[in-house]
Structure formats: C-alpha cells, structure tokens
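Since the structure comes first, as structure tokens, the remarks are kept for the end.
The values are calculated or read from the model by the stated rules, or taken from the named source; none is laboratory data. Everything numeric in this text was worked out from a predicted model, so none of it was measured. Reconstructed Cβ throughout: ideal geometry from the backbone, glycine too, with neighbour counts over all protein chains shown. All accessible areas refer to the heavy atoms of the entire protein, side chains included, with ligands and DNA or RNA removed. Shrake-Rupley method; radii C 1.70, N 1.55, O 1.52, S 1.80 Å.
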Amino acid sequence: MRVLVTGGAGFIGSHVVDLLLKQGHEVSVVDDLSTGREENLNPGAKFYRLDILDARTGEVFERERPECVVHAAAQISVAQSVRDPAGDARVNVVGSLLLMEHARRSGARKVVFSSSGGTVYGEVPGAPAAEDVPFNPQSPYGIGKMCFEYYLEFYRVEYGIAYTVLRYGNVYGPRQDPHGEAGVVAIFAMKTLRGETPTINGDGKYFRDYVYVSDVAHSNRLCLERGDNRIYNIGTQTATDVNEVFRLIAEAAGFTGAAKHGPPRHGDLRRSVLDVSRARRELGWAPVVPLDEGIAKTVEFFRTKLRA
C-alpha cells in the first residue's frame with residue numbers, strides 16, 4: 001500500500017515508518033524537522049521536508065497519491081499549547097484540515113490519526129477510561145485533538161474518507177526527546193545516565209498508562225486494513241506512578257541516588273489510565289512490551305547515544 005506519514009521523522013512517526021517499510025509498504029514522509037530529527041528518517045522512505053501548513057504539501061499528495069495517510073505530525077507540547085493556544089490550533093487543527101483537503105483531492109481512502117487519551121478525557125478517577133468517556137480536555141492541545149476527531153467524521157460523511165482514531169496513553173521508548181517538557185522516561189533516563197538527579201514534580205503520585213513505542217507502531221500498521229471509522233485507546237490498562245517509573249529507570253541506569261521532589265506542576269492530572277479492550281477485540285491488538293523491559297530498552301538506547 002502507498003502510505004504517507006506526517007511527522008515521520010518524529011518519535012512515534014519514525015517507528016511507524018520503520019514498521020511499514022519492513023512490512024513491504026511504499027512510504028513517503030512529510031516532516032518539517034521542527035521536533036523530528038533527520039537521524040530518525042528511514043532511508044527507505046521518500047522524504048519531503050515541509051510544514052503541513054505549507055501549500056507545497058498538496059503537491060506531495062498529488063505526486064505520491066497515498067492510499068492511506070498516517071497523521072502523526074503535531075505541535076506536541078501541552079505546555080506550549082497553554083502558552084500559545086492560537087499557535088497550537090494553527091498546526092493541530094488548521095494544519096490537519098489542510099491535510100484532509102489534500103487527502104480528499106488526491107483520492108486517499110483512509111486517515112489514521114494520532115490522538116491522545118489523557119488529554120481528551122481529562123481526569124478520570126477509578127476504572128480505566130473507555131472510548132465512550134465524555135470529552136473533558138483541560139488544555140488547548142487536548143481541545144485541538146478532540147476538535148479534529150469531529151472533523152474526521154465530517155470528512156467520512158461528506159467525502160467517504162475512512163478514518164481510525166488512536167488515542168494513545170503515555171508513549172515512551174527510543175528516539176523520544178530527552179530535553180523537552182514532557183516524556184518523563186526519556187528525561188529521567190538521560191539525567192540518570194549522566195549522573196544527574198531527576199526532579200519529580202510534587203509527591204510523584206501521578207498515575208499514567210505507559211505504552212512502549214513499538215506497540216504503538218503496531219497499532220498503526222493494523223489500522224491500514226482494520227478499524228474503519230472507529231476510535232481506539234492504545235495503552236496497557238495499567239496505572240504506574242512517576243515514583244515507580246523513576247525506580248525502574250534508576251535500576252536500569254545503575255543510578256543509586258534518590259530523586260529530588262520539586263513543587264507540583266499546575267494542571268497535571270492525577271490519573272490517566274486507558275481501557276484497551278476495544279482494540280484487543282476489534283483490531284486484534286495488545287501491548288506486548290512490559291514496562292520494565294521497555295524502560296531497560298529505552299535506557300540502553302540513550303546509553304548508546306551518550307557513548308557515540
């Protein structure tokens with residue numbers, strides 16, 4: 001299948017590209033390298049260095065004629081979305097709409113969209129959040145993800161373009177940015193490997209659903225042929241707090257110090273855990289990499305980077 005991956009030089013997108021190429025698909029990548037990295041690009045994919053807001057992206061669609069679009073490009077920072085809601089919407093809503101217009105004009109049959117579990121559901125205490133939990137986004141980033149999900153349904157009804165929405169938990173693994181505001185596993189891994197002491201916000205009892213990036217890539221691959229016009233949570237259905245994440249990272253990195261605790265970060269959800277039973281049932285997808293193994297692999301990736 002001809003697949004165009006937006007954000008294909010980014011953390012998640014590059015793993016999707018690798019897997020699709022391995023499976024024999026013809027892959028093209030659109031990425032402006034604002035947060036993606038050239039070193040993440042698979043040489044087997046055609047690469048176009050373009051912002052999704054750039055009109056020339058339409059020319060790429062006309063040239064490549066993708067049958068399916070995996071849309072992983074985004075303004076990825078929740079904190080940045082709070083500082084600049086209009087900028088966030090310009091990329092994550094308007095940019096995504098421009099892609100849908102390109103997809104429509106070039107005859108794409110389907111779009112697989114990287115959405116977000118925690119940011120569209122907001123705080124969901126108790127049982128893991130299923131896909132029918134009401135929207136309650138607490139940030140412009142989450143609002144933008146929610147908004148585009150509605151647009152996908154519009155394009156299905158109006159133009160017959162199928163979609164699958166994948167609402168991710170906290171994705172972690174190799175290639176995640178260790179210098180950003182999010183991505184606690186990458187940030188802590190790099191700090192501990194350097195012998196620096198990580199800072200845990202507040203008491204560290206912030207529970208998340210950590211899912212390894214190869215499992216996320218696998219969910220995207222399955223959606224090329226399954227899950228039309230459906231929404232799926234992609235996580236592990238397991239709650240892990242930041243204190244436990246630090247313990248596992250320190251163990252893998254050989255770090256013997258204790259973490260520092262700083263002030264709590266305003267707006268952080270206490271609990272975000274996803275019910276993934278629909279994905280198991282309908283996609284045949286399930287996470288296969290346990291947290292301790294995934295963290296060990298991630299720490300080893302950053303250890304290798306530091307030695308290079």
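Put simply, of Lys305, Lys297 the only residue that is under 19 Å from the mean Cα position of the chain (by Cα), within 30 Å of Gly195 (Cα to Cα) and not in a loop (DSSP other than H, G, I, E, B) is Lys297. Within region 7-41, the set of residues being hydrophobic (A, V, I, L, M, F, W, C) and surrounded by fewer than 22 Cβ atoms within 10 Å (Cβ to Cβ) comprises Leu19, Leu21, Leu33, Leu41. Beta carbons closer than 8 Å, at least 6 apart along the sequence or on distinct chains, pair a first residue in region 15-36 that is under 15 Å from Val213 (Cβ atoms) with a second that is hydroxyl-bearing (Ser, Thr, Tyr) and part of a helix (DSSP H, G or I) for His15/Ser214; Leu19/Ser214; Gly36/Ser14. As a summary of the residue check, Ala79 satisfies the conditions (1) assigned to a loop (DSSP other than H, G, I, E, B); (2) out of contact with any Gly (no Cβ under 6 Å at 6 or more places or on another chain); (3) touching a residue at least 60 places away in the same chain (Cβ under 8 Å); (4) closer than 23 Å to Gln176 by Cα except for the one numbered (1).
Restricting attention to region 180-212 and to residues that are under 22 Å from Pro290 (Cβ atoms) and charged (D, E, K, R), the residue that is farthest from the chain's Cα centre (by Cα) turns out to be Lys205. Open to solvent by 10 Å² or more (accessible area, probe 1.4 Å), free of Cβ contacts under 8 Å to residues at least 12 places away in the same chain and either at positive phi or in a loop (DSSP other than H, G, I, E, B) (or both): is that true of Gly44 in this structure? No, not satisfied.
Of all the residues in region 126-169, those that are polar (S, T, N, Q) and under 29 Å from Ala108 (Cα atoms) number 1. Among the candidates Gly118, Gly126, the residue that is over 20 Å from Ala9 (Cα atoms), assigned to a helix (DSSP H, G or I) and open to solvent by less than 60 Å² (accessible area, probe 1.4 Å) is uniquely Gly118. Set side by side, the residues Glu67, Glu38, Glu62 differ, and just one is over 16 Å from the mean Cα position of the chain (by Cα) and within 30 Å of Phe302 (Cα to Cα), which is Glu38.
Looking across region 140-165, the residues that are hydrophobic (A, V, I, L, M, F, W, C) and closer than 15 Å to Cys68 by Cα come down to Leu152, Ile161, Ala162, Val165.
Would you say Val213 is open to solvent by less than 20 Å² (accessible area, probe 1.4 Å), in contact with a helix residue (DSSP H, G or I) (Cβ under 6 Å, 6 or more places away or on another chain), within 30 Å of Lys22 (Cβ to Cβ) and not basic (Lys, Arg)?
On the way: open to solvent by less than 20 Å² (accessible area, probe 1.4 Å): yes; in contact with a helix residue (DSSP H, G or I) (Cβ under 6 Å, 6 or more places away or on another chain): yes; within 30 Å of Lys22 (Cβ to Cβ): yes; not basic (Lys, Arg): yes.
Yes, satisfied.
Listed here are the residues, each with its yes/no results for (1) surrounded by 15 or more Cβ atoms within 10 Å (Cβ to Cβ); (2) within 17 Å of Ala129 (Cα to Cα); (3) among the charged types (D, E, K, R).
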{"residue": "His218", "(1), (2), (3)": "yes, no, no"}
{"residue": "Leu222", "(1), (2), (3)": "yes, no, no"}
{"residue": "Ile231", "(1), (2), (3)": "yes, yes, no"}
{"residue": "Thr238", "(1), (2), (3)": "yes, yes, no"}
{"residue": "Val242", "(1), (2), (3)": "yes, no, no"}
{"residue": "Thr256", "(1), (2), (3)": "no, no, no"}
{"residue": "His266", "(1), (2), (3)": "no, no, no"}
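Only residues that are part of a helix (DSSP H, G or I) and either open to solvent by less than 10 Å² (accessible area, probe 1.4 Å) or of a type in the set (Phe, Trp, Tyr) (or both) were counted across region 142-191, and they come to 13.
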